């Protein structure tokens, strides 16, 4: 997989390489005064290509760390929806593109937020899996309850009760984390469905007048903002989650 940055891709672009070669050739020949002009045009060409949104989106996609499988497929679908809108806006009028820009910008923010949150959930999922492999809380709890029932020593009873409380707290933590991981999985599915409706809505606007399109942007934008707010809730819950 080609994982070159937009800048490197621009520097190695055939047109830019040709322009650079011609500029160097001009500097070595009698027309040396053309070299500064050539370098200026070369820099402009490099900058234009390096700032290409499509290149930047592709590089961002290729640079991402892998997610837990339960999230990876769902996030990939969400990311593809962003590309669908980007591709659908190629060749449209500047006025139409401007009217749809709020949707494109909000969707980019939503995808990035979903990815960062998926990364954190992946770390939590990995930790949860490790904890589950070594978890014998049900047996340990039953053992402590039996010890408490059988002991007549107050000091031993207190120790058993403290251990039991700790085991029960741990068991509750694991259960809460499992629920959170499953809920986030469902959230990504719901977000995909919502974004799919936005993509369909944006594509249906093509061919309409900019004024007509602008009137239909707010409801589509509201869908994205609603999903963003729901992801914010998971951010807040993660801050309160403890699994050591």
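What follows is calculated from the coordinates using simple rules that are stated; it is not laboratory data. All figures in this text were calculated on a predicted structure; none of them were measured in a lab. Please note: Cβ atoms are built from the backbone with ideal geometry, for glycine as well, and neighbour counts cover all protein chains shown.
Take residue 207 and decide whether it is in a loop (DSSP other than H, G, I, E, B) and either without any contact (Cβ under 8 Å) to a residue 12 or more places away in the chain or touching a helix residue (DSSP H, G or I) at 6+ places or on another chain (Cβ under 6 Å) (or both). The answer is yes for residue 207.
Take segment 124-153 and flag every residue that is part of a loop (DSSP other than H, G, I, E, B) and loosely packed, with under 11 Cβ neighbours inside 10 Å.
Answer for segment 124-153, where residues must be part of a loop (DSSP other than H, G, I, E, B) and loosely packed, with under 11 Cβ neighbours inside 10 Å: 134, 136, 152, 153.
State yes or no: is residue 119 in contact (Cβ under 8 Å) with a residue 60 or more places away in the chain and either in a helix (DSSP H, G or I) or under 30 Å from residue 174 (Cα atoms) (or both)? Taking the combined requirement at face value, the residue does not satisfy it.
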